[in-house]
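Following: one structure in structure tokens, then a few remarks.
The values are calculated or read from the model by the stated rules, or taken from the named source; none is laboratory data. Not measured: the values here are computed from a predicted model. Every residue, glycine as well, gets a Cβ built from its backbone with ideal geometry; the counts of neighbours run over all protein chains shown. The area values use the complete protein model at the heavy-atom level, side chains included, leaving out ligands, DNA and RNA. Shrake-Rupley method; radii C 1.70, N 1.55, O 1.52, S 1.80 Å.
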Amino acid sequence: MRLLLSGKAKCNSHGQDSSYFLGLQAYEKNPYDQTRNPQGIIQMGLAENQLSLDLVESWLSENQDVAGFKSDGESIFRELALFQDYHGLPAFKKALVQFMAEIRGNKVSFDPKKIVLTAGATSANETLVFCLAKAGDTILIPTPYYPGFDRDLKWRTGAEIVPIHCTSSNDFKITARALQQAYQEAQNCNLKVKGVLVTNPSNPLGTTMTRAELDLLMDFIVEKQIHLVCDEIYSGTVFGSPNYTSIVEVLSKYEKAEVWDRVHVVYSLSKDLGLPGFRVGAIYTNNGSIIAAATKMSSFGLVSSQTQYFLSMLLSDKKFTRNYISENKKRLEKRHASLISGLQNAGISCLKSNAGLFSWVDMRHLLSSSTFEAEMELWEKIVYDVKLNISPGSSCHCSEPGWFRVCFANMAEETLEIAIRRIKAFVDV
């Protein structure tokens, strides 16, 4: 039957064989449940924010007309059920850009006419690559990076990724030398570099980029005449210092120069608002051609009118957003501290971080040798024996074996305590 399928359907470039995805599959086969399966695998490989969902649920209980698709007491179900404009509902786009500005301390503003809605950040990133690159072109990404990018950016677009190798010697910060080396590596492979993509705050590091790093990136794309994509889907998860700086804030100093058309932001409500199931993502850009092309492409992955209506009402409630942003940061900071403290008691340290739903954990001292083979051996023990699904650094293309991403916001406090006891018992053996 495979003979009847297309090359795309038969190819193995999806990345599903990555240890990141294999860990998720292992969890699905044996998921931890406090009552039904207390010996199951605890999910620490999924970057979900479940810490503040009760705030959304509370708002919903107080605004039941919204859940019933009513406006001023009158049903608008028919209107929402029948109408779908791939440009997006104006009320939602306005509320979304205001929320984006509020998360960034209102130091920047966003024009709702420059935003394109997509079915999540996955779709937003892929759409941007479709707009920027053709098959065989390449995007530079600093390591370690989110394992899903190998699927999101490459599988259907045919584009390539060349890593910008960052190391623990400077806490994995981007350097001018690393940028130049990655660019030269792409050229040596006859790959045309179309842009740089970064996550800020970083997934998997849980750190925010410094102003110096952002200025360095801007200088680099100006010099090379390429694009910069900033995935800022964790911008609302910054819980500690230093303060967060968006690329849009940096861009303002260029006074609408030509480079404005080559800087693009990806955003989503999956992490900051904890709503990955709603599939709400966005591209923000000053480039009119990309807005037009991405809007056409968005017809393959629209955000439902019902979702847009609900979220337009939620995000327009400034009392809710103000309280949510503040309370969510407090809860993330507390949970992060619980993980760090528990791991320290087990003799395990982490990269100092101030954002995200995870920590970048240093287990190099637990390796049998300083190799990626030893990292995989340790990972398999932790997943199948200790029964904790964490993501090995190699799945994030880290150049040093022994680092792991550990998520902390997708579980109850009691579950995290059990996970910490399990890892401590493993280390103490």
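Of note:
- Taking every residue in the range 395-410 that is without any contact (Cβ under 8 Å) to a residue 40 or more places away in the chain and farther than 16 Å from GLY342 by Cβ and pairing it with any residue that is charged (D, E, K, R) and surrounded by fewer than 20 Cβ atoms within 10 Å (Cβ to Cβ), at least 6 positions away or on another chain, the pairs with Cβ-Cβ distances below 9 Å are PRO401/ARG364; PRO401/GLU373.
- Residue within the range 205-213 that is part of a loop (DSSP other than H, G, I, E, B) and closer than 16 Å to ALA121 by Cβ present: no
- When the residues of the range 351-382 are filtered to those that are without any contact (Cβ under 8 Å) to a residue 24 or more places away in the chain and not in a helix (DSSP H, G or I), the one that is least open to solvent (accessible area, probe 1.4 Å) is SER369.
- Residues satisfying the stated conditions in the range 291-311, i.e. within 26 Å of ASN203 (Cα to Cα) and open to solvent by less than 10 Å² (accessible area, probe 1.4 Å): ALA294, SER298, VAL303, LEU311
- Test set (1) touching a residue at least 60 places away in the same chain (Cβ under 8 Å); (2) over 18 Å from the mean Cα position of the chain (by Cα); (3) within 21 Å of SER168 (Cα to Cα) - GLY195 fails condition number: (3)
- Residue in the range 100-118 that is of a type outside the set (A, V, I, L, M, F, W, C) and in contact with a Gly (Cβ under 6 Å, 6 or more places away or on another chain) present: yes
- When ALA135 is tested against the conditions (1) surrounded by fewer than 24 Cβ atoms within 10 Å (Cβ to Cβ); (2) part of a helix (DSSP H, G or I); (3) touching a residue at least 24 places away in the same chain (Cβ under 8 Å), the lone failure is (2).
- Residues being of a type in the set (Ser, Thr, Tyr), in contact (Cβ under 8 Å) with a residue 60 or more places away in the chain and either open to solvent by 60 Å² or more (accessible area, probe 1.4 Å) or not in a helix (DSSP H, G or I) (or both) - total across the range 312-350: 1
- Sole residue being of a type in the set (Gly, Ala, Ser), part of a loop (DSSP other than H, G, I, E, B), farther than 30 Å from LYS8 by Cα and out of contact with any strand residue (DSSP E or B) (no Cβ under 8 Å at 6 or more places or on another chain), chosen from SER241, SER169: SER241
- Flag if LYS154 is within 17 Å of HIS264 (Cβ to Cβ), charged (D, E, K, R), open to solvent by 10 Å² or more (accessible area, probe 1.4 Å) and in contact (Cβ under 8 Å) with a residue 60 or more places away in the chain: no
- Sole exception among (1) of a type in the set (Phe, Trp, Tyr); (2) surrounded by fewer than 22 Cβ atoms within 10 Å (Cβ to Cβ); (3) within 13 Å of the chain's Cα centre (by Cα) for PHE149, by number: (2)
- Filter result for the condition that a residue is among the polar types (S, T, N, Q), crowded, with 16+ Cβ neighbours inside 10 Å and under 24 Å from GLY40 (Cα atoms), over SER399, SER395: SER395
- Restricting LYS113, LYS194 to those that are of a type in the set (Lys, Arg), in the same structural domain as SER299 (by the TED database), assigned to a strand (DSSP E or B) and open to solvent by 40 Å² or more (accessible area, probe 1.4 Å) reduces the list to LYS194.
- Subset of the range 261-273 that is under 12 Å from the mean Cα position of the chain (by Cα) and part of a loop (DSSP other than H, G, I, E, B) - its residue that is surrounded by the most Cβ atoms within 10 Å (Cβ to Cβ): LEU269
Residue-wise test of (1) modelled with pLDDT of 95 or more; (2) farther than 13 Å from VAL248 by Cβ; (3) surrounded by fewer than 23 Cβ atoms within 10 Å (Cβ to Cβ); (4) not β-branched (Val, Ile, Thr).
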site	(1), (2), (3), (4)
VAL198	yes, yes, yes, no
PRO201	yes, yes, no, yes
GLY206	yes, yes, no, yes
ASP215	yes, yes, yes, yes
PHE220	yes, yes, yes, yes
LYS224	yes, yes, yes, yes
HIS227	yes, yes, no, yes
GLU232	yes, no, no, yes
